[in-house]
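No value in this document is a laboratory result; all are computed from the given coordinates. None of these values were measured; they are calculated from a predicted model. Neighbour counts run over all protein chains shown; Cβ positions are idealised from the backbone, glycine included.
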Amino acid sequence: GENVEQHPSTLSVQEGDSAVIKCTYSDSASNYFPWYKQELGKRPQLIIDIRSNVGEKKDQRIAVTLNKTAKHFSLHITETQPEDSAVYFCAARGSGGGADGLTFGKGTHLIIQP
Amino acid sequence: ETGVTQSPTHLIKTRGQQVTLRCSSQSGHNTVSWYQQALGQGPQFIFQYYREEENGRGNFPPRFSGLQFPNYSSELNVNALELDDSALYLCASSSLLAGGTGELFFGEGSRLTVL
């Protein structure tokens, strides 16, 4: 089955700086890669996703890049703000559609230092 | 548009007992999936229901079972509870209809503690 590795486990950056979180996946058939943000005691919320026919996607301060050959994808947050502090999860889903379920990484605790 | 709702929010059980968790999917969604999130870990896929049938399953034993009802709501049942079943159980709904993005919308979860 799919295996998703996520790094780093904890990331501390100064407010206003950029943050980058990286993930690798094992199943070359995976074709959907979402990123979720989870605040303490809250539900995971989708912040951005990318499909395998696209190499990059951007939404305001957030961007995701995908390298299918290397089987890795990354989340980039620019101009970080205190409200960006949370745990971020990457995930991958196989070509079987929703029936494959999402395989999540173990998460990155992003800390924005004032 | 109503979101995904889950009940109960918290519950405590003892080893060997059985538990039922409930989920109402977001309006317009026809697919429900369940995830287990242990403390400090990412969610793990348990199974997915579409048209009242299980159509995908992760690496969980048969004592984890579910139902989906005609109104697309769902239940997760866990028999013979073990200490390691202590976790946050997340329900997510999505739409597999044409034009649907397949994006998952999560509920707030049911936190189960097994003593």
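Before moving on, here are some points about what is shown:
- Residues A:Cys23, B:Cys91, sorted so that the one with the fewest Cβ neighbours within 10 Å comes first: A:Cys23, B:Cys91
- Annotation: the residues A:Asp59, A:Asp84, sorted from fewest to most other C-beta atoms within 10 Å of their own C-beta, follow the order A:Asp59, A:Asp84.
- Summed residue charge, Cβ within 9 Å of A:Ile77's Cβ, Lys/Arg positive, Asp/Glu negative: -1
- Loop-exposed GluC sites (Glu not before Pro) per DSSP, neighbour cap 16 Cβ within 10 angstrom, longest uninterrupted part of chain A: A:40-78
- Near A:Ala86, the amide H atoms lying under 5 Å from its own belong to A:Leu110; only residues 5 or more places off or on other chains count, and H is placed 1.01 Å from N.
- DSSP bridge orientation in the protein assembly as shown - percent antiparallel, rounded to nearest 5: 90 percent
- Nearest-0.05 FRET efficiency for A:Glu5 and A:Gln113, computed from C-beta distance (R0 30 Å): 0.70
- Charge context of A:Thr108, other residues only, Cβ under 11 angstrom, K/R +1, D/E -1: +3
- Fully extended contour minus Cα-Cα distance, from B:Arg51 to B:Leu67, at 0.36 nm per residue: 4.7 nm
- Which of B:Leu39, B:Leu90 has the fewest Cβ neighbours within 10 Å, and the rest in rising order: B:Leu39, B:Leu90
- Of the trypsin sites (Lys or Arg not before Pro) found in the range B:1-110, the ones in coil according to DSSP and having at most 11 other Cβ atoms within 10 Å of their Cβ are B:Arg15, B:Arg51.
- Take each residue in A:86-94, count the other chain C-beta atoms within 10 Å of its C-beta, and the mean is 2.
- Inter-chain Cβ neighbour average for residues A:21-30, partner chain, 10 Å: 0
- In plain terms, the bigger the Kirkwood radius, the slower the diffusion; for the range A:1-113, with that radius from Cα pairs, at 10 °C and 1.306 mPa s, Stokes-Einstein puts D at 113 µm²/s.
- Per-residue mean of C-beta atoms belonging to partner chains within 10 Å, peptide B:34-42: 4
- Percent RCO, i.e. relative contact order, over the range A:1-65, from Cα pairs under 8 Å lying at least 6 residues apart: 22 percent
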